1. Residue C:188: accessible area at probe 1.4 Å, nearest 10 Å²?
2. Rounded, prolate or oblate for region D:192-303? Axes are the square roots of the Cα gyration tensor eigenvalues, ordered a ≥ b ≥ c, and the cut-off for rounded is a/c under 1.5.
3. Around residue C:10, which amide H atoms from residues at least 5 apart in sequence, or from another chain, sit under 5 Å from its own amide H, with H modelled in the peptide plane?
4. Convert 10 °C to kelvin, take the viscosity as 1.306 mPa s, use the Kirkwood radius over C-alpha pairs of region C:1-183 as Rh, and evaluate the Stokes-Einstein diffusion coefficient in µm²/s, rounded to a whole number.
5. Helix-derived [θ] at 222 nm for chain B: sum -39500 (n - 2.57) over DSSP H runs of at least 4, divide by residue count, nearest 500?
6. Fully extended, how many nm does the chain gain between residue C:442 and residue C:10 (0.36 nm per residue separation, minus their Cα-Cα distance)?
7. Percent relative contact order of region B:3-86, based on C-alpha pairs within less than 8 angstrom and at least six residues apart?
8. If each Cα of region D:336-419 is one equal point scatterer, what is log10 of I(q)/I(0) from the Debye formula at q = 0.25, 0.26 Å⁻¹?
Amino acid sequence: MILLSYATAIIIFCIGLYTIMVRRNLFKTVLGLALMESAVLLIIVSSGYIPGGVPPIAPFSGQAVNPLPHAFTLTAIVIGASDIALALAFIVKLHRHYRTVDLDRIRGLRG
Amino acid sequence: MSLSFMIFLYVFLIATALVISAINDILSAVITLSVFGILLATAFAILQAPDVALTQAVINSGIVTALFLVAFSQTEKPECYSEEEEE
Amino acid sequence: MMFDTAHELFRIDTFSMVMSALVVFMTVAVSIYSPGYCEERTTFRRAVFYGAPWLFCLFSCLGVVSGSWFMFTISVELSSLALFFIILLQDPKAARLYIFSQLLGAGFLLTGTALLGALTGATAIGPVPGDILWLFLTGLGFKAAFPVLHFWLPQVHGKAPTPASALLSGFAVKIGVFGIARLVSPDTGTVLPFLGSVMAIYGVGQALLQHDAKRLLAYHTVSQLGYIVTALGAGTSLGIAAGFFHTVAHALFKGLLFLSVGTLEKVYGTKDLDHLGGAARELPLTFSLFLVGALAISGFPGFSGYASKAMVKAALYEIPNPLWYWALQAAGVGTVISFCKVGYFAFIRERDPGLRPHREHMPGGRKDLMRNTGMALPAAATLTLGIFPGFFAGLGGLESNSLFGMKDLLPAAATFALGISLFWILRKWFGSGKHEIPDIDTLISKGSRLSAPVFSILQSMNCGLLRFYIVAVVAAGLALMFLM
Amino acid sequence: MTLVLAIMLPLLSAFLIPFFHLARKTLSAGLISIMGLASISAALAAAYTGWYSPAVSLMGGWAPDIGIALVGDRLSSAFLLLTSIGSGAALACALEKFGGGPWRFYALFFLLLGSMNGILLTGDLFNLFVFYEIFSVAAYLLVAFSMSWQALEAGLKYLVLGTIGALFILLGTAFTFMATGVLNMALLAEALASIPRETLTAISACLVLGLTIKTGAFPVHFWLPDAHSSAQTAVSALLSGVLIKVSIYALMRVCYIFFLGTNGTVFLAITVTGSLSVLGGHLMALRQDDIKRLLAYSTVAQIGYILIGIGCASAAGAAAAVFHTFNHMLMKMGLFITAGNLSEEKGTREICGLTGLWKSHPVWVAVFAVLSAAIVGIPPLNGFMSKWFIILSSAGAGTVIPALVIAAGTVISAAYYLRILSAFISPGEGSSSGLPPSVPRKPRRRSISFAIVGSFALLCLVLGVMAFSPFFRECFSSIGQTAVDVEAYVGLVTGR
């Protein structure tokens, strides 16, 4: 099951990267970033998973899964959301100048 | 949860990711992202991480989608900006 | 590991003392000459013009007495920087060419020094292991104008203000030679004699074709450096002493020649041999000083060039291959021809009627006096060394009388006879039109266009397309994976 | 405790600034300078502690394998000193220019300061990532702070590339956690020795790629010139002088601790990247007309020098890299502040327009000349010394190509700095053209900026001469020793 999660996560990471590389729409770029981020989250969460474990919530019996990665994931989710929010804010502001969200036309800085 | 359900979930996850990547309409892609977030939250719950699943559902499927929609509505009408300034 | 102990900071021996004395002497001569030459208007520029030679002198002295390659390179770099500022006053382009070539040379030297430190744990000045010798030779080759690496020399010598040219030819290139002298050991091999012979022949060959007097002298610098490098390449103590003798002699007479050509340039406003002429009557004193220099460089008995060349040849008898000897002999004939050419076209024949001398620079003025005093100093030294070469001969273990034997006098006389007669036969050909063949410097400036594709690739990399940037990132990541 | 304070004080200031703004509407420059002084002195105190008695502070008393450890050793101390000087200078310049007005700017600045100290002090890989993200978000916002379209575009590109870099770092962290189950760097140093080769390759590729993007080395440098040239002067100086250096610290720390004993090819990759950076950065800088963009590409090249030093994988190389980092902070901050001020005076950033400055601002031009001489590498100045140390250590590592690349780079950099200086000194078009001379604007007094830049130029000279003294070299070689001595680090953290 863990291996399956890893494979899925890597595939989603690659899909995200592919989206950023290929799509010209700025929103697509940000969506790609979100996909990549989710993939990494999936890896972290599944790395703490123990077959047959129970959630590490206070009164538990038996073997709990590792709670450490959950804490990391929570942090990473928040950080990722703030990154995406910032990117969207930049897009809105840039749209005022370029009047487009086409990435290939936003190239005032070059050389 | 059985392995077969997990496989089904992951296949569906990858499928939604592909849809997000491939679809041309931004609005649909954003809605699909929301679905993707819910699926991911389910996966987290199955991986015995209910706390993460909750956060994921709220933040990634809720707030991020809302932000996308706001930003998208802000940039939706290029003509109206240009007309305003040209006149 | 910069320098391991304090006693490595300096290394003072006879050679470094002689070199320091030489640079101080040349700087004094040039400083006396400069007021007759300088036409800078603002105080700042005048300060640079008069101050930079002394700065050069200071750092050159530091360079020749330094005890580690690191100190040597730093001092030499700083001395080049001082000259760079003077050249900048007159020709920024030449100045840039000069400083870039010197920086590149310093880079090679520093790399070599670092490897030396890594290999042997010390960077003391002296012979280096064979597998990093090429780094040192390349670095010093930029200074000492090895073939191909000499690309900066004719242009910079030609364009620089005369005091700077005199110092460049008189001492700056000699620091490279000094480094080579520190480098040589009997197992250096035949690479140095070979390079030296090529330089001697090539320099003379190019000089014969030049019409710009300063450029001509610059090529003679290459040629005379060839003599020195050949002598040093012999690797024996006699060879090193001979190299030093010729270094000192060449510094004096080449400085003198540059200063006399600078005088012509000031008086007539040009240094083109096609237009000059008749200066012998108008500037007799300058002509006689020029004659001292010309006779010395051609190796006329009684002048320093004769004695030093005789000693170089004596050093070459010690190593088996006679090829080097004949190469230098041929270069000697070329030297005689080319100085007949300068003497005849600049001083003796009728000049271009359109060319009028500037009044303020004519004899009798203060400027003329300063210039001639500045030139008289090296001329006197040249004569002294020519008549009493005992000190340098003693360094190489020779009697000074042995330099004046028939074995050396006869070839010198033959060289002169051959050179003068060849010039007389060919003088029409020398006088008419331009025959210059492009040197490596024009090739380099043409070849710099080849770098355009590199720039266009780089520029298209920074194209402003975010998608391309990300593709580059992914490519870099894949390369990284592959590399590991 | 001082370690925690160095992180908490700036963060506290960042959170207090909005409240002060709400309470008083105007924020006095005095208040901000007090906050700045307090934060910087806390950082310096942490640096002092770390230098003389390497300290570990375990947050909340958890053991290092599950808790978060803050570690202050000599490497962190050196970088804390560097960032304190650099950010202090940038803060002073910003205060002189803006006054206390833009409170958002200062809030971001203190956020940046706090997270920066966090990166320098943390001993936990995931915590490093968290601080790195806070730091990066503050940096994106600072770059885009002026809200001009250039700034926004640069900010967006920086954000996308930086986030991708961060995601690679996170991926590397995730792989590491998967393979070993710990995230404390000291424990990882031991655990990574016994994991499969393929996993190690994946981890090192992800971490090195992510950190290299953040560093701005050549093949992935694209955000750097945009961000540096579009931001305001104080921010450009901060970016080039401090932010990049923090990334270099992270690269150095992670690579030395994780891969020194396990995966030597990482250092080969870093050396190759460094050499490419030197050539690419210098060649691009040669073609620039915009002075700030030129300086930005020059930064790319200088990062290359530092990477070559790191890539030597030896104590000498690490010491040389730290020394060059320090020098580059001084030189490039000085150059950016000078260039920014001069181009604001002339109203243009084109080099060909920046003429006649020798007449109107001789001291600024003189300082610029000294700083550019230092960055080109004229012997008695510090730039030369650190380049020499880098060449020396790369020769010690047995390769000659990086050293020759540095030599070639020196020549190219001499070419473009000479171009700038000759433009500054040339008389300009005012005297010859028939146009009426433009009304000479009263030169704005920038005494604080000038004091900073002047003292940086002086420091360049002093450091260059000091590099000859044994005491000084002792200091730097002890930094290098600390950087590569993984066992001592492990022992320090685990208490063994």
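1. Solvent-accessible area, nearest 10 Å²: 20 Å².
2. Numbers: a/c = 3.14, a/b = 2.14, b/c = 1.47.
Cα axes put region D:192-303 in the prolate bin.
3. C:67
4. Details: Rh = 16.5 Å.
Estimated via Stokes-Einstein, D reaches 96 µm²/s.
5. On the way: 5 runs with 69 residues, N = 87.
After summing the helix terms and dividing by the residues of chain B, the value is -25500 deg cm²/dmol.
6. Details: separation 432, 0.36 × 432 = 155.52 nm, distance 4.03 nm.
Stretched out fully, the residue C:442 to residue C:10 stretch lengthens by 151.5 nm.
7. Working: 55 pairs, mean separation 20.4, N = 84.
It rounds to 24 percent for region B:3-86.
8. Results for region D:336-419 at q = 0.25, 0.26 Å⁻¹ read -1.18, -1.23.
The values are calculated or read from the model by the stated rules, or taken from the named source; none is laboratory data. Quick caveat: nothing in here was measured; it's all calculated off a predicted structure. Quick reminder, even Gly has a Cβ in these numbers, built from the backbone with ideal geometry, and neighbours come from all protein chains shown. Surface areas here come from the heavy atoms of the whole protein model, side chains and all, with no ligands, DNA or RNA. Shrake-Rupley method; radii C 1.70, N 1.55, O 1.52, S 1.80 Å.
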